[in-house]
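Here's the structure, in structure tokens; my notes come after.
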Amino acid sequence: MMFKNPFILWSLLSLPIMAYLFFGRKRERTLSIPFAAHFPHRTTLRVRAFLFARVLLIAALGLFIVALARPQKGYIEETIETEGIDIVLTLDISSSMKAEDFKPNRLGAAKAVAKEFIEGRKTDKIGLVTFSRKAVTQSPLTIDYRILYDFIDTIEIGMIPDGTAIGNALAEGSKRLAGGREKSKVLILLTDGINNSGEIDPITAAQAASALDIKIYTIGVGSMGNAPYPVQDQVFGTRYVSVPVQIDEEVLKNIARITGGLYFRATDTQKLEDIYREIDQLEKSKIEIKQYRKTRERFGGPLLAGVILFGMYVTLSRTYLKTIP
């Protein structure tokens, strides 16, 4: 049961006040019944009838208020419509990702932050592409995020011959997104180097992605200047050398601009986390809830009962309680 105009029910609070005015006055005040002195044997009956008429009036008014609030019986049906986003994470796994200007290293930080990003999505299909000299799809678009976590955990440097084929990575990721069903398509490319491999030019790949309505966010990973890089020495074991950080920011900026995306520079793990959070906020799925109300009016019952009680009140007032001249 529900009410179309529930605010009208506040009027019911006036009924106790009315009852008090009718019945709650000090008892020493004599109830005035017209011509009661002429009919002493009928006084008690007439008083009771008088009080009963007041009760009928209060009850009738209460029922009228309930009827005006329009009680309804039925239910509300909700339909939830979602518009998700198809997302492909494209991750550089070239040897330069071993650099330890991120903790534990660039690849380890990128994998951890990617998993956090996936965890924050709810209705989006996400795919995974890795690249170095060539690009490989590790996972097609899926909503099974557990499988994605497993794929990310198995990613290692050396799985693919070394190099940095940014154009090929964009083409592979775009191919996966082109088969998606959602209207919004996003590719997130993370790299720490300069395009030096592959058959496809990065700008050409970006233009093709733009034609497919794919938005690309590019992330350049690496501290400013030099970064510590682990080298295996047969005599001394692992030692570190300082290597220059080389990121083709101009190309990454152009890729993002062509597709309507943005370029970000991550100089440490915290900055990388912030970038993924910002992308997460920029690319929110749309959820629309539509309500369908199916009801039947039920004001007829209290209205009819109110009319009957009010009719009884009027009948009593104009007959038995009518003032005798």
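The values are calculated or read from the model by the stated rules, or taken from the named source; none is laboratory data. Keep in mind the model is a prediction, meaning the values are calculated, not measured. FYI the Cβ positions are ideal-geometry reconstructions off the backbone, even for glycines, and counts take in every protein chain you see. Areas reflect the complete protein model, heavy atoms only, side chains present, ligands, DNA and RNA absent. Shrake-Rupley method; radii C 1.70, N 1.55, O 1.52, S 1.80 Å.
Of note:
- Rg ratio for region 121-161: its Cα radius of gyration over 2.2 N^0.38 Å, N being its residue count, equals 1.23.
- The 3J(HN,Hα) values that the Karplus relation (6.51, -1.76, 1.60; θ = phi - 60°) gives for region 226-232 are, in residue order, 10, 9, x, 10, x, 10, 7 Hz. Gly and Pro appear as x.
- Counting only Cα atoms, the size of region 115-213 along its three principal axes is 36, 33, 19 Å, in decreasing order.
- Using a Gaussian network model of the chain in which every pair of alpha carbons under 10 angstrom is joined by a spring, one finds that among ILE126, ILE275, ILE65 the greatest mean-square fluctuation is at ILE65.
- Between LEU9 and LEU321, the distance separating the two model label sites (each 7 Å from Cα on the Cα→Cβ line) works out to 2.9 nm.
- Within the shell of other residues whose beta carbon sits under 11 angstrom from the beta carbon of ARG181, the net charge comes to 0, with Lys and Arg scored +1 and Asp and Glu -1.
- Just checking the listed ones, SER285, SER94, SER11: in the Gaussian network model of the chain with Cα springs under 10 Å, the one fluctuating most is SER11.
- For the chain, the longest principal axis of the C-alpha atoms and the axis of helix 106-119 are separated by about 20°.
- Residues whose placed amide H lies under 5 Å from that of SER184, excluding near-sequence neighbours: ASP86
- On a per residue basis, the chain carries 57 Å² of accessible surface, using protein heavy atoms and a 1.4 Å probe.
- Accessible-area composition of the chain, carbon plus sulfur, in percent [1.4 Å probe]: 56 percent
- From the coordinates shown, Cα extents along the principal axes in Å corresponds to which of [x] 128, 42, 32; [y] 75, 56, 45; [z] 57, 52, 37: [x]
- Projected label points at GLU156 and THR142, each 7 Å from Cα along the beta carbon direction, are separated by 2.0 nanometres.
- Ranked packing of 220-231, 138-149, 182-193, most packed first, by mean Cβ within 10 Å: 182-193, 220-231, 138-149
- Of ARG257, ARG46, ARG133, the one that fluctuates the most in a GNM where the chain has Cα springs shorter than 10 Å: ARG46
- Computed from backbone phi with θ = phi - 60° and the Karplus coefficients 6.51, -1.76 and 1.60, the 3J(HN,Hα) list for region 244-260 is x, 8, 10, 10, 7, 4, 5, 5, 5, 5, 5, 4, 5, 4, 4, 9, x Hz; x is used for glycine and proline.
- Ratio of the Cα radius of gyration of region 171-325 to 2.2 N^0.38 Å, where N counts its residues: 2.39
- Among ALA227, ALA178, ASN195 the positive-end extreme of the charge dipole of region 134-234 (Cβ point charges): ALA178
- Taken along the Cα-to-beta-carbon direction at a fixed 7 Å, the label points for ARG181 and GLU199 span 3.2 nm.
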